[in-house]
1. Just for the range 1-47: of the residues that are surrounded by fewer than 18 Cβ atoms within 10 Å (Cβ to Cβ) and of a type in the set (Asp, Glu), which one is nearest to the ligand (Cβ to nearest atom)?
2. Could you please find all residues in the range 146-163 being of a type outside the set (S, T, N, Q) and over 19 Å from PRO112 (Cβ atoms)?
3. From the list ALA47, ALA23, ALA31, which one is of a type outside the set (Val, Ile, Thr) and farther than 27 Å from CYS133 by Cα?
4. What tally of residues in the range 112-130 results from selecting those that are closer than 23 Å to ILE7 by Cβ and either surrounded by 20 or more Cβ atoms within 10 Å (Cβ to Cβ) or not assigned by TED's automatic domain parsing to the domain that holds PRO154 (or both)?
5. Look at the range 28-71 and say how many of its residues are assigned to a helix (DSSP H, G or I) and more than 30 Å from LYS187 (Cβ to Cβ).
6. Let me confirm something: among ALA199, ALA179, ALA151, ALA184, which residue is more than 20 Å from LEU3 (Cα to Cα), out of contact with any helix residue (DSSP H, G or I) (no Cβ under 7 Å at 6 or more places or on another chain), outside the structural domain of PRO27 (by TED's automatic domain parsing) and not acidic (Asp, Glu)?
7. So which residues in the range 131-170 are small (Gly, Ala, Ser) and either surrounded by 20 or more Cβ atoms within 10 Å (Cβ to Cβ) or over 24 Å from VAL18 (Cα atoms) (or both), if there are any at all?
8. Quickly run through the range 48-90 and pick out the residues that are in contact with a strand residue (DSSP E or B) (Cβ under 7 Å, 6 or more places away or on another chain) and within 16 Å of the ligand (Cβ to nearest atom).
Amino acid sequence: MRLGIQISGRGSNMQALVQACSAADFPAEVALVLSNDPGAAGLAWAAGKGIATAAISHKGMDREAHERLMDAALVEAGVDLVCNAGYMRVLTPWFVEKWRDRLINIHPSLLPSFPGLNTHARALAEGVRWHGCTVHYVRAPVDEGPIIAQATVPVAAGDTPETLSDRVLTAEHRLYPIALRLVAEGKAPVVNERVEIPAGALPESLCHPG
Ligand code: GRF
């Protein structure tokens with residue numbers, strides 16, 4: 001399975017996917033890393049690893065025109081699955097439908113709690129005891145779509161948004177490759193807008209969080 005990874009910034013989740021794909025038995029390869037921000041640090045990192053990269057700025061064009069360029073780059077690279085990894089643009093229904101069930105995202109909360117931005121500060125403000133991250137298929141409403149996998153982290157006394165973010169990010173780097181493997185192996189089909197994971201396919205470590 002050929003991946004197109006969409007980023008906007010530092011790209012640490014992209015790096016985790018690249019690293020996972022470097023294992024001989026991993027069922028996916030990175031065909032293209034692309035960003036809407038030519039200055040994204042992750043682009044330089046990927047280029048340094050010899051991975052094909054593209055920067056397509058969204059500035060000065062409407063949302064769909066930009067997405068048509070992103071889509072053309074993905075198609076040109078022979079991409080089968082698009083992985084959003086810190087891609088900070090809201091996608092239009094056109095793009096989402098074009099890549100329906102071939103477009104996944106990682107979000108730093110336990111969806112459906114805390115969609116949108118500033119998830120860690122909002123989790124702390126609510127006083128939740130558990131927080132975490134979600135990998136899901138993308139649908140047009142922001143941070144909605146069939147859930148593939150989630151990982152939890154405890155909220156600790158004295159946590160700040162930064163300390164909580166660090167803990168969640170570590171979980172993200174573990175979770176995204178696990179979820180990607182399920183998708184690439186055909187073990188995360190969408191059935192009636194829910195993901196059906198075959199019994200035993202989720203690693204034991206995700207079944208007993210904490
Ligand atoms: C991650 O927390 C991701 O879940 C969110 O934005 C952050 C991106 O970090 N959407 P990175 O660019 O992958 O390092």
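1. Within the range 1-47, the match that is nearest to the ligand (Cβ to nearest atom) is GLU29.
2. PRO154, ALA156, ALA157, GLY158, ASP159, PRO161, GLU162 - these are the residues of the range 146-163 that are of a type outside the set (S, T, N, Q) and over 19 Å from PRO112 (Cβ atoms).
3. After applying the criteria, what remains is ALA47.
4. Going through the range 112-130, the residues closer than 23 Å to ILE7 by Cβ turn out to be 114-121.
When the remaining residues are screened for being either surrounded by 20 or more Cβ atoms within 10 Å (Cβ to Cβ) or not assigned by TED's automatic domain parsing to the domain that holds PRO154 (or both), the result is 114, 119-120.
Residues that pass the stated criteria total 3.
5. Here the count works out to 11.
6. ALA199
7. Listed by number, the residues that qualify are GLY132, ALA140, GLY145, ALA149, ALA151, ALA156, ALA157, GLY158.
8. ILE51, THR53, ALA55, VAL82, CYS83, ASN84, ALA85, GLY86, TYR87
The values are calculated or read from the model by the stated rules, or taken from the named source; none is laboratory data. Since the model is a prediction, treat every value here as computed from it, not as a measurement. Every residue, glycine as well, gets a Cβ built from its backbone with ideal geometry; the counts of neighbours run over all protein chains shown.
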